[in-house]
Amino acid sequence: MTDKKSITLFEPYAVGNLVVYVTGEDRGSVIEADCRWELTTTLTSCDCCTFRWRSRMDPTFQCRHILALREVLGK
């Protein structure tokens, strides 16, 4: 990962009410701050129900989990 910020793998990064754990160059686990449900998220997809349904109607849709991962990775 060669962006301006130094990102440490498997360390928590708070983004609003989400916690992002970066697990690879383009992926991470995103968790609601008040929940233990861990979502596997990449720069282009997410396990959440919102992404699965909305992306069928709008292929450019990005859920808040994808946006949080992108924010942490600086992408």
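General observations
- Looking at Thr41, Thr50, Thr60, just one residue is touching a His at 6+ places or on another chain (Cβ under 9 Å), more than 16 Å from Phe10 (Cβ to Cβ) and among the β-branched types (Val, Ile, Thr), and that residue is Thr50.
- Count of region 9-36 residues which are surrounded by 15 or more Cβ atoms within 10 Å (Cβ to Cβ) and of a type in the set (Gly, Ala, Ser): 2
- Cross-chain or 6+ apart pairs with Cβ under 9 Å, region 14-30 first and without any contact (Cβ under 8 Å) to a residue 40 or more places away in the chain and over 8 Å from Leu69 (Cα atoms), then charged (D, E, K, R) and in a loop (DSSP other than H, G, I, E, B): Asn17/Asp34; Tyr21/Glu11
- Against the conditions (1) assigned to a helix (DSSP H, G or I); (2) over 10 Å from the mean Cα position of the chain (by Cα), His65 satisfies every one except (2).
- Hey, Ala68 among the aliphatic types (A, V, I, L, M) and at pLDDT 95 or above or not: yes
- Single residue of region 47-59 satisfying the filter (part of a helix (DSSP H, G or I) and not aliphatic (A, V, I, L, M)) that is farthest from Ser29 (Cα to Cα): Arg56
- Pairs where the first residue, in region 46-62, is on the phi > 0 side of the Ramachandran plot and the second is of a type in the set (D, E, K, R) and surrounded by fewer than 10 Cβ atoms within 10 Å (Cβ to Cβ), C-beta under 7 Å, 6+ apart: none
- Those residues of region 28-46 which are in a loop (DSSP other than H, G, I, E, B), of a type outside the set (Val, Ile, Thr) and at pLDDT 95 or above, in sequence order: Leu43, Ser45
The values are calculated or read from the model by the stated rules, or taken from the named source; none is laboratory data. Predicted model only: the values in this text are computed from it and were never measured. Methodologically, a virtual Cβ is constructed for each residue, glycine included, from the backbone with ideal geometry; neighbour enumeration extends over all protein chains shown.
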